[in-house]
Amino acid sequence: MTSFGLSREAAWDLLCEWTQSEALRRHALGVEAAMRAMATKYDEDPGLWGITGLLHDFDYERYPQAPEHAAKGAEVLRSLGYPEEMVTAILGHASYTGVARETLLAKSLFACDELTGFLFACAYVQPDKKVAAVKPESARKKLKDKSFARGVNREDIAAGVQDLGLDLLEHITFVRDALVVQAGALGL
């Protein structure tokens with residue numbers, strides 16, 4: 001049970017109920033890992049932060065288009081009693097909602113989401129498909145190649161690190177290292 005009274009197991013069950021894609025589930029696990037690491041870095045609640053990362057896209061398969069994505073999920077999360085801080089952060093990870101990212105939780109989710117997807121793509125092109133083989137300098141260089149991982153929003157990555165006052169290379173390294181810790185569960 002987390003500090004806010006909801007279990008990680010219940011969050012996982014909700015994700016699995018709404019998300020059939022293994023790739024999207026792995027993405028959720030990756031963002032969860034990055035968010036737990038961010039919580040530790042900022043001396044915050046890893047349970048709250050991790051579940052925020054785990055559930056940030058849980059409604060995506062049913063509502064993949066703006067403005068439904070994130071908004072529909074927020075309704076469900078509120079009805080289930082998830083904390084408003086979490087719901088607001090999840091709404092803020094989708095810029096088109098207009099929800100400002102004012103908390104450290106919301107800013108961190110935004111800074112980790114697209115970068116996690118990008119680092120997965122970097123791992124998939126490694127000979128061994130391992131995230132541990134991704135060199136942060138190489139990943140930073142690949143960010144400039146718009147044809148690589150075309151679906152990743154580079155502007156969101158840049159805005160995320162800027163909002164937190166982070167160095168891009170340090171953040172890439174930090175998130176990559178968080179993914180390495182969970183590489184087995186992520187298939188990386």
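Restricting attention to the range 142-169 and to residues that are assigned to a helix (DSSP H, G or I) and among the small types (Gly, Ala, Ser), the residue that is surrounded by the most Cβ atoms within 10 Å (Cβ to Cβ) turns out to be 160. Given (1) buried (at least 24 other Cβ atoms within 10 Å of the Cβ); (2) touching a residue at least 40 places away in the same chain (Cβ under 8 Å), where does residue 129 come up short, assuming only one miss? The one condition residue 129 does not meet is (1).
Here 126, 162 are screened, and the one residue that is within 20 Å of residue 181 (Cβ to Cβ), of a type in the set (S, T, N, Q) and more than 12 Å from the chain's Cα centre (by Cα) is 126. The set of residues from the range 98-116 being among the hydrophobic types (A, V, I, L, M, F, W, C), touching a residue at least 40 places away in the same chain (Cβ under 8 Å) and either part of a loop (DSSP other than H, G, I, E, B) or more than 15 Å from residue 42 (Cβ to Cβ) (or both) comprises just one member, 115. So, residue 36, is that one of a type in the set (Lys, Arg) and within 16 Å of the chain's Cα centre (by Cα) or not? Judged against the criteria, residue 36 is a match. Residues in the range 141-157 that are of a type outside the set (Phe, Trp, Tyr) and under 22 Å from residue 187 (Cα atoms): 5 in all. Selection of first residues in the range 163-184 that are within 12 Å of residue 120 (Cα to Cα) and of second residues that are hydroxyl-bearing (Ser, Thr, Tyr) and not in a helix (DSSP H, G or I), restricted to Cβ pairs under 9 Å at least 6 apart or on distinct chains, gives an empty result.
Considering only the range 62-69, I want to know if a residue exists there that is in a helix (DSSP H, G or I) and closer than 25 Å to residue 8 by Cβ. So far as the range 62-69 goes, yes, one or more of its residues are in a helix (DSSP H, G or I) and closer than 25 Å to residue 8 by Cβ. Of the residues making up the range 47-58, none is part of a helix (DSSP H, G or I), hydroxyl-bearing (Ser, Thr, Tyr) and more than 26 Å from residue 178 (Cα to Cα).
Each value in this text was obtained by applying a stated rule to the coordinates, not by laboratory testing. Just so we're clear, the structure is a prediction, and the values are computed from it rather than from any experiment. A quick note on method: Cβ atoms are made from the backbone with ideal geometry, for glycine too, and the neighbour counts reach across all protein chains shown.
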